[in-house]
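The structure under discussion appears below in the form of structure tokens.
The values are calculated or read from the model by the stated rules, or taken from the named source; none is laboratory data. A quick note: this is a predicted structure, and the numbers were derived from the prediction, not measured. FYI the Cβ positions are ideal-geometry reconstructions off the backbone, even for glycines, and counts take in every protein chain you see.
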Amino acid sequence: MLPVHQIESLYKSLGLNIRVRRMKMGFSQTHFANLLRISRPSMVNIEQGRQKTPLHILYAISNILNVELCDLLPKIHDDEEVKFSNSFEKNLDELDKELKSTIFKFAKHSQSKLK
């Protein structure tokens with residue numbers, strides 16, 4: 001059995017993996033929750049790692065995101081915290097670039113409306 005701190009890290013990492021992939025595909029939390037037939041607060045709790053996600057929901061999430069379930073699961077290393085995979089870190093970097101680009105475009109658009 002894993003220690004409590006590793007279990008908590010596991011669910012937080014899983015939630016973050018789900019969130020990054022959901023955002024990368026352009027789904028809002030509300031829309032994604034509706035596709036899963038769960039409430040938005042449940043979706044928030046899953047992404048924050050506060051809710052232990054049932055297996056059938058994990059399969060539905062992987063299906064909607066068009067990824068293998070194992071691609072959402074974080075890797076566990078003996079006697080260490082749950083570690084993010086390189087693909088997760090890459091996805092986060094790509095998402096960060098997309099967010100920066102979107103914010104820049106929004107700011108530029110807002111500035112042109114003020115003129």
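Observations
- Among the residues of the range 1-15, those identified as farther than 13 Å from ILE61 by Cβ and among the hydrophobic types (A, V, I, L, M, F, W, C) are MET1, LEU2, VAL4, ILE7, LEU10.
- Elements of type helices (runs of 4 or more DSSP H) in the range 1-79, at least 2 residues being of a type in the set (D, E, K, R): 4-24, 40-48
- Verdict on ASN63 being more than 13 Å from the chain's Cα centre (by Cα), at pLDDT 95 or above, loosely packed, with under 15 Cβ neighbours inside 10 Å and over 21 Å from LEU2 (Cα atoms): yes
- Condition met for SER39 (modelled with pLDDT of 95 or more, small (Gly, Ala, Ser) and surrounded by fewer than 13 Cβ atoms within 10 Å (Cβ to Cβ)): yes
- Residues of the range 1-32 classified as of a type in the set (Ser, Thr, Tyr), in contact (Cβ under 8 Å) with a residue 24 or more places away in the chain and under 12 Å from VAL44 (Cα atoms), total: 0
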